[in-house]
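This report refers to the structure that appears directly beneath it.
The values are calculated or read from the model by the stated rules, or taken from the named source; none is laboratory data. Just so we're clear, the structure is a prediction, and the values are computed from it rather than from any experiment. When we count neighbours, we look across all protein chains shown, and the Cβ atoms used for this are built from the backbone with ideal geometry, even at glycine.
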Number of protein chains: 2
Amino acid sequence: MNVDIGNALGTTPGLTEDTLERLDGRVADAHERITAGMVDDEFGYASLNLPETADPDAIRAAVAPFDDPHAVLTVGIGGSALGAATLAYALESDVDAYFLDNVDPDHVRALLADLPLEDVVVNVVSRSGTTAETLANFLVVREAMTDAGVDWTERTLVTTGEAGNLRRLAEDHDLPALDVPEGVPGRFSVLSTVGLAVATLQGHDIEAVLAGGRDGMDALSGSLFESPAYAYGATTYALAERGALTNAVMPYAESLETFAEWFAQLWAESLGKDGLGQTPARALGATDQHSQLQLYRAGPPDKLVTLVRPTERATTPIPETELEGLAYLGGSSLGDLLDAEFDATEASLAAAGVPNLRVEIDRVDERNLGELLYGMEAACVLYGELASVSTFTQPAVEWGKNAARGLLGGGEFAEAEAVDDKRELRVESR
Amino acid sequence: MNVDIGNALGTTPGLTEDTLERLDGRVADAHERITAGMVDDEFGYASLNLPETADPDAIRAAVAPFDDPHAVLTVGIGGSALGAATLAYALESDVDAYFLDNVDPDHVRALLADLPLEDVVVNVVSRSGTTAETLANFLVVREAMTDAGVDWTERTLVTTGEAGNLRRLAEDHDLPALDVPEGVPGRFSVLSTVGLAVATLQGHDIEAVLAGGRDGMDALSGSLFESPAYAYGATTYALAERGALTNAVMPYAESLETFAEWFAQLWAESLGKDGLGQTPARALGATDQHSQLQLYRAGPPDKLVTLVRPTERATTPIPETELEGLAYLGGSSLGDLLDAEFDATEASLAAAGVPNLRVEIDRVDERNLGELLYGMEAACVLYGELASVSTFTQPAVEWGKNAARGLLGGGEFAEAEAVDDKRELRVESR
């Protein structure tokens, strides 16, 4: 992974090299704090040790009973699904991966009607074993398997904490079970059992993913000028301080579309607290050049744009054409076109004074993905240190969970009472 | 469609009923301007006449030659794809719809390898007939059809303007062709040939979509307190003026996920200009409660959240369970759970003083979608009037197109030279 922050200099908001040099002292201090947290395996910081602490053998052993599945259906929400989904959508496989990360009745029904349940591995993921959406979906899926004559105990993998409903379920029915790692919030768990079990079932090389993570680990250092992850984290932080409250993340690769969603969770849930934070806006190049670019270039100067791309792509030549005015496309390739669009967007933003950062990996494969995901986690942790926020907690998410649980009669939760305070000003169609 | 703006009162940023009453005079003036534009079929305003001017018979006639296709592959980008995609993803059909709206070589190759090209209708959409991404993709698709022994002239539908490459192609090969409507920017074209041809091929009732559009048209009036679309447009505008520069659009229905993307284009490309505009952030309920909600509730007070839902859903009961602590879920349904999550999020935001708007439709079907899409277009046009921006143009998008074209050797474009101004400050992994 490499990061080019040149187009954050002299923009609005923008930085100077002097600013960055002054900030670099704080980066050194933050790196020291991060390193100490890693050494002690402190809560949250432990995430950055995963490339060394994750156990690929345990993951392979847990999935070994599921011989040659047709598909993997992950039942999980938020960090329990997004890391695995990021790898699944980025890498091609003959084993399809599906994710039930919402409780939409229409969607669940349609998906279950389509899936050959006898050939599917169900991968249910919840640290606590009480996540309402995940457990509700699992109950529905389990019943659908039984209705289809499938023995669910033969087709279910559980990833959960040491205790709780799912752990007991695994013990009672002798299900293969993986441990959610200690000290690792869901949004930082992609390089653990939570993210890698699906990748293993899909036949991907998880050792290479972890090796990429180690590349990212090795690239951390006490200076933003020497560490791509810290260059990204420090620059986004400094831009946010100066008013770039939106970070539009725009990969130029369809395979990285879910990466942008994963990033959005990481960034929003880790840094959005105490009145601080930066809103991740998910975009996709080149598609969104025909849409969001208008706003990024000419709207309020409250943003930065993160352009992400692999430098190697498949070669898909554009055929020569008889069509007038399009001759220039013939002999070129779709990759050339996409890269020209990338350059055009970058220049377009720079010419309008909109800060933009370039993040590049060599290609979309296991190793480079591991490095990219690790790098963004480290960038996020650095940003959190610089902003002095509690990077690894999510009190506002817990608030909403309690309110929903109270509304459903799952206990007494004061949060549920806030629903009665709703102010109405309703305008209806006649 | 109905809109509840009660939770935008007394928040941060926030409004009072007095503010809204004072604003209502400007809404009346803007409505007069909009009505005049519609009467004269002026550029842009003509979009709001589509429920009456679109010709479903012409669309049915154009697609009639394609008997019972297996799938429809739309080749188009931005507004040429998103409207059709919104309907396709919202409504169930036995005819699959695919969209090539990007020039990613890996993605294009993978998609073409999977599709049974002999049973696919290719729907190529570009007003100008010169859009580089669309034409490049079409050339690749056409070659793939030929390579597969398929006569592409028998399987291609063209939707384009009166002149240009695609029009000539249609004439030369006697292809079924539809007209892109005059005076309608791509992002406002869902209720025209551009959005409805795919829906027709998928067997949807496009008369009902247009009837829903007429419902939306009938609901416009000179007061925000009487028109749901204007209530939405005026409130979002007034909140943006007061600092809500991000609008997080969060449908509580998987089927409306693409609607959020369509909305994002409409909002960003129409209103993001002259230093004004509001960044649409796409989210999905309940999934993003486990992610973005942290930021929305506890981050910078620069946002509003738009919660969208159908009030009727499929019934998917949650089975009774032996799992301790989850008994409360049994006997409930996934829909109940999703609605409880909706209420919890709304209350969570309100309790934290974050403005939020509720947009509801009765159910996700043709008629309600037509009304929703029309309503959001009218809301956007009203916002544009109130902000005095040029709602129907997109100069920054054109800038990027010219730059890309120049880079590819498709002509002399001054914009391409900006690429040479790139400032580098590159940080690499060791």
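Numbers below:
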quantity: Count of residues meeting criterion [closer than 25 Å to B:Arg363 by Cα and among the polar types (S, T, N, Q)] in the stretch A:95-149; calculated: 3
quantity: Unique residue being hydrophobic (A, V, I, L, M, F, W, C), surrounded by fewer than 24 Cβ atoms within 10 Å (Cβ to Cβ) and either at pLDDT below 95 or closer than 22 Å to B:Pro176 by Cα (or both) when the list is B:Val72, B:Val150, B:Val125; calculated: B:Val150
quantity: In the stretch A:153-166, the residues that are more than 10 Å from chain B (Cβ to nearest Cβ) and crowded, with 18+ Cβ neighbours inside 10 Å; calculated: A:Arg155, A:Thr156, A:Leu157, A:Val158, A:Thr159, A:Thr160
quantity: Count of residues meeting criterion [in contact with a Phe, Trp or Tyr (Cβ under 7 Å, 6 or more places away or on another chain) and either in a helix (DSSP H, G or I) or outside the structural domain of A:Gly222 (by TED's automatic domain parsing) (or both)] in the stretch A:342-356; calculated: 3
quantity: So B:Leu307, is it more than 18 Å from A:Gln292 (Cβ to Cβ), more than 7 Å from chain A (Cβ to nearest Cβ) and at pLDDT 95 or above; calculated: yes
quantity: Residue within the stretch B:327-335 that is outside any strand (DSSP E or B), crowded, with 23+ Cβ neighbours inside 10 Å and either without any contact (Cβ under 8 Å) to a residue 24 or more places away in the chain or in contact with a helix residue (DSSP H, G or I) (Cβ under 6 Å, 6 or more places away or on another chain) (or both) present; calculated: yes
quantity: Complete set of residues in the stretch B:345-391 that are away from chain A (no Cβ under 11 Å), among the acidic types (Asp, Glu) and surrounded by 23 or more Cβ atoms within 10 Å (Cβ to Cβ); calculated: B:Glu377
quantity: Every pair of residues 6+ apart whose Cβ atoms lie under 6 Å, when the first sits in the stretch A:162-190 and is more than 15 Å from A:Thr130 (Cα to Cα) while the second is of a type in the set (Phe, Trp, Tyr) and at pLDDT 95 or above; calculated: A:Gly183/A:Phe43; A:Pro185/A:Phe392
quantity: Out of B:Ala144, B:Ala62, B:Ala136, B:Ala81, sole residue that is within 19 Å of the chain's Cα centre (by Cα), surrounded by 17 or more Cβ atoms within 10 Å (Cβ to Cβ), among the small types (Gly, Ala, Ser) and modelled with pLDDT of 95 or more; calculated: B:Ala81
quantity: Hey, B:Thr134 within 28 Å of A:Asp336 (Cβ to Cβ), in contact with a strand residue (DSSP E or B) (Cβ under 8 Å, 6 or more places away or on another chain) and either away from chain A (no Cβ under 14 Å) or among the small types (Gly, Ala, Ser) (or both) or not; calculated: no
quantity: Which numbered condition A:Gly411 fails, given (1) of a type outside the set (Asp, Glu); (2) at pLDDT below 95; (3) touching an Asp or Glu at 6+ places or on another chain (Cβ under 7 Å); calculated: (3)
quantity: Condition check for B:Glu412: assigned to a loop (DSSP other than H, G, I, E, B), more than 9 Å from chain A (Cβ to nearest Cβ), over 29 Å from B:Asp205 (Cα atoms) and not aliphatic (A, V, I, L, M); calculated: yes
quantity: Matching residues, the stretch A:292-339, being closer than 30 Å to A:Gly370 by Cα and among the aromatic types (Phe, Trp, Tyr); calculated: A:Tyr296
quantity: Among the residues listed as A:Leu169, A:Leu224, A:Leu201, A:Leu175, the single one being surrounded by 17 or more Cβ atoms within 10 Å (Cβ to Cβ) and out of contact with any helix residue (DSSP H, G or I) (no Cβ under 8 Å at 6 or more places or on another chain); calculated: A:Leu169
quantity: Condition broken by B:Gly78, with the remaining ones in (1) away from chain A (no Cβ under 11 Å); (2) at positive phi satisfied; calculated: (1)
quantity: Residue ID - farthest from A:Ala64 (Cα to Cα), chosen from residues in the stretch A:95-126 that are more than 10 Å from every other protein chain (Cβ to nearest Cβ) and small (Gly, Ala, Ser); calculated: A:Ala113
quantity: Residue check for B:Gly400: at the interface with chain A (Cβ under 7 Å from one of its Cβ atoms) and assigned to a loop (DSSP other than H, G, I, E, B); calculated: no
quantity: Residue count for the stretch A:357-391, restricted to those that are part of a helix (DSSP H, G or I) and more than 24 Å from A:Ala208 (Cα to Cα); calculated: 6
quantity: Those residues of the stretch A:182-198 which are more than 18 Å from A:Trp267 (Cα to Cα) and either hydrophobic (A, V, I, L, M, F, W, C) or out of contact with any helix residue (DSSP H, G or I) (no Cβ under 8 Å at 6 or more places or on another chain) (or both), in sequence order; calculated: A:Val194, A:Leu196, A:Ala197, A:Val198
